[in-house]
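Scroll down for the structure; my scribbles are underneath it.
The values are calculated or read from the model by the stated rules, or taken from the named source; none is laboratory data. All values reported here derive from a predicted model rather than from experimental measurement. Please note: Cβ atoms are built from the backbone with ideal geometry, for glycine as well, and neighbour counts cover all protein chains shown. These accessible areas exclude ligands, DNA and RNA; they are computed on the full protein's heavy atoms, side chains included. Shrake-Rupley method; radii C 1.70, N 1.55, O 1.52, S 1.80 Å.
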Amino acid sequence: MDADTTPAPDLQDGHAGDRTEPRTLAEAERESVPEPRSEPGAELAVGPGAGPGTGAPVWSQERYRDGMFSHAVDGERGRLQLLESVLDEATRSRLTALGLKPGDDVLEVGGGAGSVARWTAGQGARVTVTDLDTAFLGDLSGSGVRVLRHDMYTEDFPPESFDVVHTRFVLLHLPDPDRAVARLASWLKPGGVLLVEEPASFPVLDSPHAAYCTVMRAFRDHLEHALGSHTAWARSLPVPLQRAGLGEVGIDPRLQVVYGGGAETRWWQMTLEQAREGIVAAGLARDADFEAAYREMDAPDFVDLSVAVFAAWGRRVL
């Protein structure tokens, strides 16, 4: 998850030989790395009436860095790599169609396990990848990628820094995804393109598989109430890009199909298992529901939908 409010972020430079340890701020300033600027307000309310004393979630990087989806969770790197195996082909095709070319300055927000940043660098682009926790991105140093710990919600890049900005499965977890889109758009050079890919959970709400439907509904509710995630926000795309002043706006919604024992099924089982304790404690589902759902998902003849993925893009008008 791409969130950190550290005042002086750690940077890693893939152009610095074999060196992979974080660089100092002074070293970064001597190089052509766009230097982020912190905004006030590291803790921001999520949703109506949110804030201290209200019982509603408050934006805090620790919720994402140290809780569910934390890189410290056993098997998290493998979980992210499974998701990459499911989503990367569509991401690569869209970036290619939008005109990604050698020499482009590219910002990858929320780098995860690093596959998109690695591929983009392989196309000849100059890539900066950000994340809350860069533990899974260290091996990008040999691919010529700059790695930056950075909170895109509270730290800026200079305007007109990048030809391409991309983020995937990040914005729905932020307090105000529309505000985040506007921030991303402001970092584009004239003619630059923003591509966002975000999930919406509505396809699981009427699944014919009873246990699967129960735990997927419970997972959606848990994300919304415990983390403040906006599980339906993607349905508003591409309107937020239009409001951010971008032109040539487009959208490509697609349904994710899950098959018994397949890669996406395994990803969902690992993801659900991370949330299981909190879901059961909140009374949203029972352990027995999870076990029944996993049996359904492991069946060779299991076929169902998971989420809808909305890819939306827009270009900064020259």
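Name the residue, out of SER201, SER143, that is touching a residue at least 60 places away in the same chain (Cβ under 8 Å) and open to solvent by 30 Å² or more (accessible area, probe 1.4 Å).
SER143
Residues that are modelled with pLDDT under 95 and of a type outside the set (Ser, Thr, Tyr): find the strands (runs of 3 or more DSSP E) completely inside region 115-232 holding 1 or more of those.
Strands (runs of 3 or more DSSP E) meeting the threshold: 126-131, 145-149.
Right, LEU82: out of contact with any Leu (no Cβ under 8 Å at 6 or more places or on another chain), under 27 Å from GLU224 (Cα atoms) and touching a residue at least 12 places away in the same chain (Cβ under 8 Å) or not?
yes
Could you tell me which residue of region 224-274 is farthest from SER85 (Cα to Cα), considering only residues that are surrounded by fewer than 18 Cβ atoms within 10 Å (Cβ to Cβ) and among the basic types (Lys, Arg)?
The extreme case among them is ARG243.
Sort through ALA211, ALA218 and tell me the only one that's touching an Asp or Glu at 6+ places or on another chain (Cβ under 9 Å), among the small types (Gly, Ala, Ser), buried (at least 22 other Cβ atoms within 10 Å of the Cβ) and more than 18 Å from ARG235 (Cβ to Cβ).
Criteria check complete, one pass: ALA218.
Can you pull out every residue in region 275-287 that is open to solvent by less than 60 Å² (accessible area, probe 1.4 Å) and in a helix (DSSP H, G or I)?
Across region 275-287, the qualifying residues are ALA275, ARG276, GLY278, ILE279, VAL280.
With PHE136, PHE157 as the choices, which residue is surrounded by fewer than 21 Cβ atoms within 10 Å (Cβ to Cβ), touching a Leu at 6+ places or on another chain (Cβ under 8 Å) and touching a residue at least 60 places away in the same chain (Cβ under 8 Å)?
PHE136
If VAL303 satisfies all but one of (1) touching a strand residue (DSSP E or B) at 6+ places or on another chain (Cβ under 8 Å); (2) free of Cβ contacts under 8 Å to residues at least 60 places away in the same chain; (3) open to solvent by less than 60 Å² (accessible area, probe 1.4 Å), what's the number of the condition it fails?
Failing condition for VAL303: (3).
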